[in-house]
Amino acid sequence: MSQDTTAHHDDHHDAHHPTGLARWLFSTNHKEIGTMYLVFSLAMFLVGGAMALIIRAELFAPGLQLVNPEFFNQMTTMHALVMIFGAVMPAFVGLANWMVPLMIGAPDMALPRMNNWSFWILPFAFTLLLATLFMPSGGPSSGWTLYPPLSLQGGNSLAFVILAIHLMGISSIMGAINIIATILNMRAPGMTLLRMPLFVWTWLITAFLLIAVMPVLAGAVTMLLTDRFFGTSFFNAAGGGDPVLYQHIFWFFGHPEVYILILPAFGIVSEIIPTFSRKQLFGYTSMVYATASIAFLSFIVWAHHMFTVGMPLGAMLFFMYATMVIAVPTGVKIFNWVATMWRGSMTFETPMLFALGFVVLFTIGGLSGLMLAIVPANFQYHDTYFVVAHFHYVLVTGAVFAIMAAVYYWLPKWTGHMYNEKLGKIHFWWSTIWVNVLFFPQHYLGLAGMPRRIPDYAVQFAEFNMISTIGGFMYGFGQLLFVYIIWQCVRGGEKATAQVWEGARGLEWTVPSPAPLHTFDTPPLVDDSVAVHKDTLA
Amino acid sequence: MAHSSYYVPHTAKWPIVGSVGLFIFMVGAANWLNQGPTGPWLFALGAAIILVMIFGWFADVIRESQGGLYNQAVDISFRHGMIWFIFSEVMFFAAFFGALFYARVLSVPWLGGEGTGAMTNALLYPGFEAVWPTHGPAALGGDFQTIPGFGLPLLNTLILLTSGVTITLAHWALKRAQRGALVFWMVATIVLALIFLSIQSYEYVHAYRDLGLTLGSGIYGSTFFMLTGFHGLHVIIGTLMLIVITIRCAFGHFSKKNHFGFEAAAWYWHFVDVVWLGLFIFVYVI
């Protein structure tokens, strides 16, 4: 009976596959849904990027030039929300959708219908969020952290923003549940946990973080909503509440969120560096443990985002030391990446260039993070451009560079064509040079005392701001080249082989390029000859 | 290999319906909060679409399950889905419990002048004493009394704990294929759930009308009503689950071995039970 239905099922796989809009609206296929996530993410990356350019244009010279301060604040708020929830997170979920089933030998995601829902909530959530910009009272302008009391004093946008965040949260939680269920339940026979590619491992841990903290964000913004509209006093000292309470709850979400934005990037880099070094990843098991340690530590460091708010000394010491401990597992990772390259036969195709750019530039962001962890220094750096420089190094040259590396790495598998290598290299060098022109001067601005989220500044900051803005526009418009390269690769190009890269190992390279709509309907048998990593414990 | 016949539906029409429903619901809610005239209508329309979606989606899943399309692996995926969903709910409640603990242990004593709060107290709120329950230095919402724990809340605790027993008896009956006992204990569980909800509603009316305790009664009112309110909402959701499962039991769904739908509802019911124990201890008693 069950065999009967299976055969029946397979017969009808492609025969009735809908076309046109219906194909995308009703899809249950992990590859199609992955593609939708990635396209959506790219669109949001450009929208958020345009907002960043408005910010940089205003800061090109001192004085108020282009936009009024209210709109400037809306841009800083929206830029962050769009980039975090609209660009980086969906990009990683899209990559997980495409690659996790291929890497573990699963026929699809564990819960295919819910997968569709996770994606299709996002365009609606961002419509709700972005629509606030066109309302008479404008968009949210309190910064993406929505600290009360400021966020409670804005216009009509607050309710829309909070409900949009709820939608994003629902989407993220369902996406994360799906990824965990897929990884834990859908692995091909022989794909033991310690044979899994590191991208799968990092996503397993990321999914756990998402399920643990997105509901906490939902709680925090719900309290904002009831404080504003239903007379509660969670964040109102007159009623016995405390505005600082919001910051604690928010950053209890916010710090794990930062690692949600970077752990999959670690996974991507751990796939790419071995391929182009033609060596196995150095210290595979330690990479897994380091990832888990970082995830654990992310729950006990949140208050380092709010050292200046006024906390007991003991709390500050605890959060300072706990934060510095994160440098240990992160150092393990960076050591392992470098050790993987040691004496490898390295080549420098575009994915490898972006991965190397990641290792170097993310490390800069990590080191400025250590500086920020030191409480007395933090009192000086807090809310300055030094913080802005720090998190853009980890998020742009960290997360975004890793996503770009992943796109170049797997694009031939997705499209069946090689991208234009020459243009890819130009894209890398262009981005790397200008992103440093964009963000490096911001360290100096911050150390010299320029505050963040302010549309105007004292004249002594003029030169570095001008340089930064030039870097911003060059980097920003350079990303149109990225869009063009993807477009060109989708349309045609040199045929890609199944393995694509000479040194590539793992199940995703055993299926043809482009990967057919349905892969691994019959699960492959995984042993040490196919697995990326030998399971030393099995 | 069980793996090879993992059921992957070809297309899914309900998710996009759900997304449109959620969108209309949220737009309606936001409009309503901002006193927009269309708010309540859009809110209701969105809610209706979401209900249709839930009904239709579950009907599809039940049909497929009854049709024997699901193998062991699909069952395990559903189990993962439910476990991690409940974990996300636990974390949602954790945020509100966190707010309660923070207020009681840290911020209210600081307002009363403890630790680094000495100057805050002296300059901003002189004379404010840190006691719990409190509605803050400004005495927001006026005078109020609290609901004593060892009255109706204790009764409610016993009712919920008993409902945990009755649903387990129902489970045992299911595993022994005693259909009559199964339905009986399920109905008993639902009756207990409804009694719990009635007592909670009575308590809310009593608090608002007689005790002066409202959502606006400072931090005490905020934490009390948001914690018990979200719990009550989850009890309502759990009760609806129990009702649907009971109807399915009466229709002969589920077998001795294969009854994940039942177990999912039971897990959820135990989850609301455990949350209540936390509420009873930290909101009502201590």
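In this entry, residue B:165 passes the filter for residues that are in a helix (DSSP H, G or I), aliphatic (A, V, I, L, M) and open to solvent by 10 Å² or more (accessible area, probe 1.4 Å). The residues in the stretch B:63-88 that are in contact with a helix residue (DSSP H, G or I) (Cβ under 8 Å, 6 or more places away or on another chain), part of a helix (DSSP H, G or I) and more than 7 Å from chain A (Cβ to nearest Cβ) can be counted, and the count is 8.
Residue B:255 passes every criterion in (1) closer than 30 Å to residue B:110 by Cα; (2) not in a helix (DSSP H, G or I) apart from (1). For beta carbons closer than 7 Å, sequence separation of 6+ or different chains, a first residue in the stretch B:158-187 that is closer than 19 Å to residue B:235 by Cβ and a second that is part of a loop (DSSP other than H, G, I, E, B), there are no qualifying pairs. I need the full set of residues from the stretch B:31-47 which are part of a helix (DSSP H, G or I) and open to solvent by 50 Å² or more (accessible area, probe 1.4 Å), in order please. B:32, B:41, B:42, B:43, B:44, B:45, listed by residue number.
Of the listed requirements (1) within 7 Å of chain B (Cβ to nearest Cβ); (2) surrounded by fewer than 24 Cβ atoms within 10 Å (Cβ to Cβ); (3) over 17 Å from residue A:256 (Cβ atoms); (4) of a type outside the set (Asp, Glu), residue A:228 misses just one: (1). Every condition in (1) of a type in the set (Val, Ile, Thr); (2) open to solvent by 60 Å² or more (accessible area, probe 1.4 Å); (3) under 30 Å from residue B:140 (Cα atoms); (4) touching a residue at least 60 places away in the same chain (Cβ under 8 Å) is met by residue B:205 except one, and the failing one is (4).
A quick yes/no check of all residues on (1) touching a Ser or Thr at 6+ places or on another chain (Cβ under 8 Å); (2) buried (at least 22 other Cβ atoms within 10 Å of the Cβ); (3) within 14 Å of chain B (Cβ to nearest Cβ):
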residue	(1), (2), (3)
A:288	no, no, no
A:291	yes, yes, no
A:294	yes, yes, no
A:301	yes, yes, no
A:308	no, no, yes
A:316	no, no, yes
A:322	no, no, no
A:325	no, no, no
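Residue A:348 passes every criterion in (1) part of a helix (DSSP H, G or I); (2) among the hydrophobic types (A, V, I, L, M, F, W, C); (3) under 17 Å from residue A:272 (Cα atoms) apart from (1). One residue stands out among those in the stretch B:103-117 that are open to solvent by 30 Å² or more (accessible area, probe 1.4 Å) and facing another protein chain (nearest Cβ under 7 Å): the one that is farthest from residue B:284 (Cα to Cα), which is B:116. Of all residues in the stretch A:108-161, those being more than 7 Å from every other protein chain (Cβ to nearest Cβ) and assigned to a loop (DSSP other than H, G, I, E, B) number 18.
Condition check ((1) buried (at least 24 other Cβ atoms within 10 Å of the Cβ); (2) within 11 Å of chain B (Cβ to nearest Cβ)) across all residues:
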{"position": "A:166", "(1), (2)": "no, yes"}
{"position": "A:175", "(1), (2)": "yes, no"}
{"position": "A:186", "(1), (2)": "yes, yes"}
{"position": "A:190", "(1), (2)": "no, no"}
{"position": "A:193", "(1), (2)": "no, no"}
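The condition of being within 9 Å of chain B (Cβ to nearest Cβ), within 24 Å of the chain's Cα centre (by Cα) and hydroxyl-bearing (Ser, Thr, Tyr) holds for only one of A:182, A:202, that being A:182.
Condition check ((1) among the hydroxyl-bearing types (Ser, Thr, Tyr); (2) without any contact (Cβ under 8 Å) to a residue 40 or more places away in the chain; (3) part of a helix (DSSP H, G or I)) across all residues:
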| site | (1), (2), (3) |
| --- | --- |
| A:37 | yes, no, yes |
| A:48 | no, yes, yes |
| A:63 | no, no, no |
| A:87 | no, no, yes |
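State whether the residues of the stretch A:248-257 include one that is outside any helix (DSSP H, G or I), over 17 Å from the mean Cα position of the chain (by Cα) and touching a residue at least 60 places away in the same chain (Cβ under 8 Å). No, the stretch A:248-257 has no match at all. Does the stretch A:494-507 include one or more residues that are closer than 27 Å to residue A:432 by Cβ, open to solvent by 50 Å² or more (accessible area, probe 1.4 Å) and within 26 Å of the chain's Cα centre (by Cα)? Scanning the stretch A:494-507 turns up no residue that is closer than 27 Å to residue A:432 by Cβ, open to solvent by 50 Å² or more (accessible area, probe 1.4 Å) and within 26 Å of the chain's Cα centre (by Cα).
Of the numbered criteria (1) open to solvent by less than 50 Å² (accessible area, probe 1.4 Å); (2) touching a Ser or Thr at 6+ places or on another chain (Cβ under 7 Å); (3) within 9 Å of chain A (Cβ to nearest Cβ), the one residue B:100 fails is (3). Considering only the stretch B:142-156, I want to know if a residue exists there that is surrounded by 18 or more Cβ atoms within 10 Å (Cβ to Cβ), in a helix (DSSP H, G or I) and touching a residue at least 12 places away in the same chain (Cβ under 8 Å). Yes, some residue in the stretch B:142-156 is surrounded by 18 or more Cβ atoms within 10 Å (Cβ to Cβ), in a helix (DSSP H, G or I) and touching a residue at least 12 places away in the same chain (Cβ under 8 Å). Summed over the stretch A:116-145, residues that are touching a residue at least 40 places away in the same chain (Cβ under 8 Å) and under 14 Å from residue B:23 (Cα atoms) total 12. Scanning the stretch B:122-140 for residues that are touching a residue at least 12 places away in the same chain (Cβ under 8 Å) and more than 11 Å from chain A (Cβ to nearest Cβ) yields one hit, B:129.
The values are calculated or read from the model by the stated rules, or taken from the named source; none is laboratory data. A quick note: this is a predicted structure, and the numbers were derived from the prediction, not measured. Counting neighbours? That spans all protein chains shown, and the Cβs are built from the backbone with ideal geometry, glycine included. What goes into the accessible areas is simple: the full protein's heavy atoms, side chains included, and nothing from ligands, DNA or RNA. Shrake-Rupley method; radii C 1.70, N 1.55, O 1.52, S 1.80 Å.
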